[in-house]
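A short reminder: the numbers here are calculations on the coordinates, not readings from a lab. All figures in this text were calculated on a predicted structure; none of them were measured in a lab. All Cβ positions, glycine included, derive from the backbone under ideal geometry; neighbour counts span all protein chains shown.
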Amino acid sequence: MTAINAMKFNENEGGMVTDSQSSSTMRKYDFADKVIPIKSNGTYALTGGSGHADLLYEATSALAKHFANEVTEGKTYTVSDIAEALSGIATGMKRNMIDLCLKSKFGIDTSTAISGQGVGPHLIAEIKEALTASVQSMAERFNNGFIVIGKDSEGVSLYQVWMGHLPNKIPQPYWAIGSGSDESDKVLCSFVKDQSREGRKNISLVPGMAALIRATNAASEINPGVGGTPTISYFDQKGIVILGEEESKLATELIKIGDARLTSTFAAERGLEALLRKTGSVDEVEREIFKHTPLLYDKIMRFLRGYRG
């Protein structure tokens, strides 16, 4: 499974952090790319999906292609348009797969299954299960969800999209899906709860991104199927930024050592800001933050390698 965490920071900024683990029936992989950017004409959006990797890839690839065509034609769109398009694509995939199942198993299409014409009474219950995807194997296959967060002329908005359902606009500042969402939610809820009422609408980029990284770290520690180097991404008034793998790895380490009190929260967030804003390289940030306290350097390295004590 996975961990997809997103947060609205203010009227111009938002972020998404995902893990990178995916799996098949026999293997697990730590290099899944779960963040898909969509951007044009002042609209920026990030999408992340949880569920079956092949279906997620098919849906987000179709989404990216759809909006690439829209850009070519000079059209404008909103974050709501993106969420609705993704919902339509995912729902269409579900209906096509149900139709293929009916044809392969019973030799009929969806319209025949709905009308019941020519269907033997002994098959009605089984066909109904296939038509409504209530068979356990089909229900599990279609258990795919997405988060869409983005900015358009109306500000920043956040949506949840489940396969076969209409998009759901999220009113709270953050949302988490995937098998890691239980642990992520605890971390993000605690962060948001500590903000003032007005502060929840004006979260600064660096503390907000630190909270998303911390939530993903926590999910990776305790939830099966969550792991790998997270993909760290955000958008602001200038556009979308997705950190490289090395930058993302170091960003997670900065939050870990800050939480373990091996460096100050201020220092950890200063290093994170340099990575996010691209004002410092990985080597520069590591040298400045990790080696800023030489007496603790060996302890920091042992901590990050898994030693305790």
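Here are some notes:
- Set of lysines near LYS249 by C-alpha distance (under 29 Å), chain-local residues within fewer than 8 positions excluded: LYS8, LYS28, LYS34, LYS39, LYS151, LYS186, LYS193, LYS201, LYS238, LYS278, LYS291, LYS299
- Within the stretch 250-309, the proportion of C-alpha pairs whose separation exceeds 19 Å stands at 20%.
- Placing dummy labels 7 Å off each Cα toward the beta-carbon, the span from LEU100 to LYS186 is 4.0 nm.
- The Stokes-Einstein estimate for the stretch 207-246, based on a Kirkwood radius over Cα pairs and taken at 37 °C with 0.692 mPa s viscosity, is a diffusion coefficient of 289 µm²/s.
- Gaussian network model of the chain, Cα within-10 Å springs - most flexible of SER157, SER190, SER87: SER190
- Considering only SER179, ILE203, PHE191, and ranking their Cα positions along the charge dipole of the stretch 150-207 that arises from unit charges at the beta-carbon of Lys, Arg, Asp and Glu, the one farthest toward the positive end is ILE203.
- Cα-based Rg of the stretch 18-135 normalised by 2.2 N^0.38 Å, two decimals: 1.38
- Rg ratio for the stretch 176-309: its Cα radius of gyration over 2.2 N^0.38 Å, N being its residue count, equals 1.05.
- Pair-distance distribution P(r) for the chain, from all Cα-Cα distances in 20 Å bins starting at 0: 31, 51, 16, 2, 0 percent.
- With R₀ fixed at 25 Å, the C-beta to C-beta distance from ASP109 to VAL135 puts the FRET efficiency at about 0.90.
- The string of couplings for the stretch 113-121 from the Karplus curve (6.51, -1.76, 1.60, θ = phi - 60°) is 4, 5, 6, x, 5, x, 9, x, x Hz, one whole number per residue in order, with x for Gly and Pro.
- Think of the chain as a dipole: +1 on every Lys or Arg Cβ, -1 on every Asp or Glu Cβ, centred on the Cα centre; then among ILE170, THR112, SER80, ILE170 lies furthest on the positive end.
- Relative contact order of the stretch 40-199, defined on C-alpha pairs under 8 angstrom at six or more residues apart (%): 30
- Remark on the stretch 80-131: Rg and Dmax equal 13.6, 44 Å (Cα only).
- Counted as membrane-span-like here are DSSP H helices of the chain whose alpha-carbon atoms extend 24 Å or more along the helix's own axis and whose Kyte-Doolittle mean is -1.0 or above; these are 53-72, 79-106, 205-222.
- Normalising the average separation of contacting C-alpha pairs (under 8 angstrom, six or more residues apart) by the number of residues puts the relative contact order of the chain at 25 percent.
- The chain: calculated mean residue ellipticity at 222 nm from DSSP helix runs of at least 4, using -39500 (n - 2.57): -15000 deg cm²/dmol
- Relative contact order, whole percent, for the stretch 203-251 stands at 26, derived from Cα pairs under 8 Å and 6 or more residues apart.
- Of all lysines in the structure, the ones whose alpha carbon falls short of 28 Å from that of LYS103, not counting any fewer than 8 places away in one chain, are LYS94, LYS128.
- At the listed q of 0.10, 0.11, 0.14, 0.24 Å⁻¹, the Debye profile of the stretch 195-274, built from one uniform point per Cα, gives log10 I(q)/I(0) equal to -0.25, -0.31, -0.50, -1.24.
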